[in-house]
Amino acid sequence: LQTNVRIALQGSSITAVECAAQLEAGDESCRLLVPALANLHSHAFQRLLAGLAEFTDGHADDFWTWREAMFQVASHLDPTALYEVAVQLYGEMLAAGYSHVAEFHYLHQPHPLEMCQALTQAARDTGIGITLLPCLYQRGGFDGSALRAGQKLFYLQEQDFMDLLNALQPFTDEKTRLGWAPHSLRAVEPALLQRLSQQLSGWVCHMHVAEQRREVQDCLAATSRRPVEWVLENLPIGVHTCLVHATHVSAEETTALAASQACVSLNPSTEGNLGDGLFPLTSFLAAGGRFGIGTDSQSSISPVEELRWLEYGQRLKEGRRNVAAGLRGESALTLLEHCWASATAVLDRRIGRIQAGFCADLLELDDQHPLLIHHPRPLSAWLFSGNATLVRRTMVAGIWRASAGEAHFTRREAFAALLSRLYARL
Ligand SMILES: [Zn+2]
């Protein structure tokens with residue numbers, strides 16, 4: 001951490017960073033300022049599901065039964081409803097310190113372009129940066145089975161998918177970026193996946209992989225390869241690739257995944273909620289792997305909770321402390337530095353550094369909070385002190401978009417009304 005730093009902004013960007021600076025007239029003073037965080041994995045509509053699938057009624061509950069509840073909620077959404085949920089969600093993300101969201105969007109029907117625009121408009125209105133990742137989702141499983149009723153809203157033919165990407169390109173700007181997302185190996189036929197990966201090479205590409213053990217078994221049965229193994233052997237993987245979850249990987253896959261330079265999106269609150277499993281963080285980091293975090297199913301909208309869960313999961317598994325930090329270092333700083341460093345390549349937007357040429361996406365911590373005011377390690381105090389919101393303000397592209405725990409643009413009543421209508425229909 002550095003002190004007495006002057007950061008010059010022009011428009012949306014950082015133009016200069018001066019160390020050992022003196023406070024001058026016209027300067028705005030911040031005592032605890034860090035880069036804002038990127039949310040690498042979001043399905044906005046799943047915010048509606050929060051708390052609705054936390055009971056059982058006679059069956060053994062797991063990811064696959066949760067998925068049925070998710071299908072049911074998805075069936076009640078149109079572009080207007082998707083906009084309302086995204087405004088609420090993106091506002092909560094801004095208040096928590098996220099300045100940019102990668103929206104992994106598969107809820108296409110019956111209005112594919114309008115559904116995408118609902119998300120980009122919600123991002124514009126709240127001020128959060130977005131990398132929209134329209135998703136290709138065509139089959140029900142590795143066996144090529146047809147989509148089930150609940151999945152048909154996710155379907156696009158190949159040409160319709162390409163047309164959607166083309167139609168969205170004019171809507172991109174400095175804060176609104178575009179990538180693509182083959183949903184998973186189970187949802188896209190391998191030959192098509194390989195062909196589109198070549199066709200869209202250079203694009204940011206995100207894909208779910210190896211979240212569930214059953215998925216690994218099905219992939220082995222269909223291809224004689226484990227999912228990450230198959231991906232690394234058959235797709236052009238690089239710094240613009242973000243593999244989501246990668247929970248169930250062998251030692252060989254872990255090493256190869258780290259060497260591939262792909263970023264792994266870890267979503268510990270969701271992976272805990274769904275009973276997915278624990279990612280082998282220690283060996284991945286030892287091999288030089290890159291990771292970031294995501295809110296995924298939206299059961300938590302807090303980077304603090306994601307990072308704390310990530311570290312605690314490893315501590316519980318390994319029976320020791322300060323796991324992410326390796327042999328020397330501070331857990332909070334190590335975890336945050338990974339999140340900052342991985343963002344730019346998989347979002348197509350320069351964020352995550354306080355450096356000239358980067359976007360002015362910043363997060364100010366509450367330096368007057370008793371936990372932080374004299375703390376020798378404020379980042380550790382932020383991540384490992386509980387659930388009080390220690391984020392004072394979040395800036396996106398040079399503009400403060402949330403302060404005192406609330407986004408500046410909200411539509412809370414509209415969101416509450418949407419939830420009320422949904423609960424009545426479920
Ligand atoms: Zn996901």
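The values are calculated or read from the model by the stated rules, or taken from the named source; none is laboratory data. Bear in mind that the values here come from a model prediction, so they are computed numbers and not experimental data. Positions of Cβ are generated from backbone atoms using ideal geometry, with glycine treated the same way; all protein chains shown enter the neighbour counts.
Selection within the stretch 30-86: residues that are small (Gly, Ala, Ser) and assigned to a helix (DSSP H, G or I). The member of this set that is farthest from the ligand (Cβ to nearest atom) is 81.
Within the stretch 211-239, restricting attention to residues that are in contact with a Cys (Cβ under 8 Å, 6 or more places away or on another chain) and under 16 Å from residue 183 (Cα atoms), which residue is surrounded by the most Cβ atoms within 10 Å (Cβ to Cβ)? Explain how you work it out, then say what you get.
At the first step, the residues of the stretch 211-239 found to be in contact with a Cys (Cβ under 8 Å, 6 or more places away or on another chain) are 225-227, 230, 239.
Narrowing the set further to residues that are under 16 Å from residue 183 (Cα atoms) leaves 227, 230.
Details: 227: 29, 230: 21.
Among them, the one singled out is 227.
Of the residues making up the stretch 329-353, those that are of a type in the set (Gly, Ala, Ser), surrounded by fewer than 23 Cβ atoms within 10 Å (Cβ to Cβ) and closer than 13 Å to residue 291 by Cα are 341, 345. Scanning the stretch 258-282 for residues that are buried (at least 22 other Cβ atoms within 10 Å of the Cβ), closer than 19 Å to residue 236 by Cβ, out of contact with any helix residue (DSSP H, G or I) (no Cβ under 6 Å at 6 or more places or on another chain) and not small (Gly, Ala, Ser) turns up just one, 264.
Pick out, from the stretch 194-300, the helices (runs of 4 or more DSSP H) lying fully within it that include 2 or more residues that are of a type in the set (Ser, Thr, Tyr), within 16 Å of the ligand (Cβ to nearest atom) and within 28 Å of residue 36 (Cβ to Cβ). Can you show your working first?
Details: elements: 213-223, 227-234, 251-260, 268-273, 281-286.
In the stretch 194-300, 268-273 are the helices (runs of 4 or more DSSP H) which contain 2 or more residues that are of a type in the set (Ser, Thr, Tyr), within 16 Å of the ligand (Cβ to nearest atom) and within 28 Å of residue 36 (Cβ to Cβ).
If the condition is being out of contact with any His (no Cβ under 9 Å at 6 or more places or on another chain) and closer than 30 Å to residue 141 by Cα, then the stretch 162-179 contributes 162, 163, 165, 166, 167, 168, 178.
If the requirement is being outside any loop (DSSP other than H, G, I, E, B) and out of contact with any helix residue (DSSP H, G or I) (no Cβ under 6 Å at 6 or more places or on another chain), which of these qualifies: 16, 20? I'd like the intermediate steps shown before the answer.
On the way: 20 fails: outside any loop (DSSP other than H, G, I, E, B).
Answer to the check: 16.
Applying the criterion of being loosely packed, with under 15 Cβ neighbours inside 10 Å and not charged (D, E, K, R) to the residues of the stretch 25-51, the residue that is nearest to residue 204 (Cα to Cα) is 51.
Just one of the listed residues (118, 53, 95, 81) is modelled with pLDDT under 95 and more than 20 Å from residue 266 (Cβ to Cβ), namely 53.
Listed by position, the helices (runs of 4 or more DSSP H) inside the stretch 357-426 whose residues that are in contact with a His (Cβ under 7 Å, 6 or more places away or on another chain) number at least 2 are 412-425.
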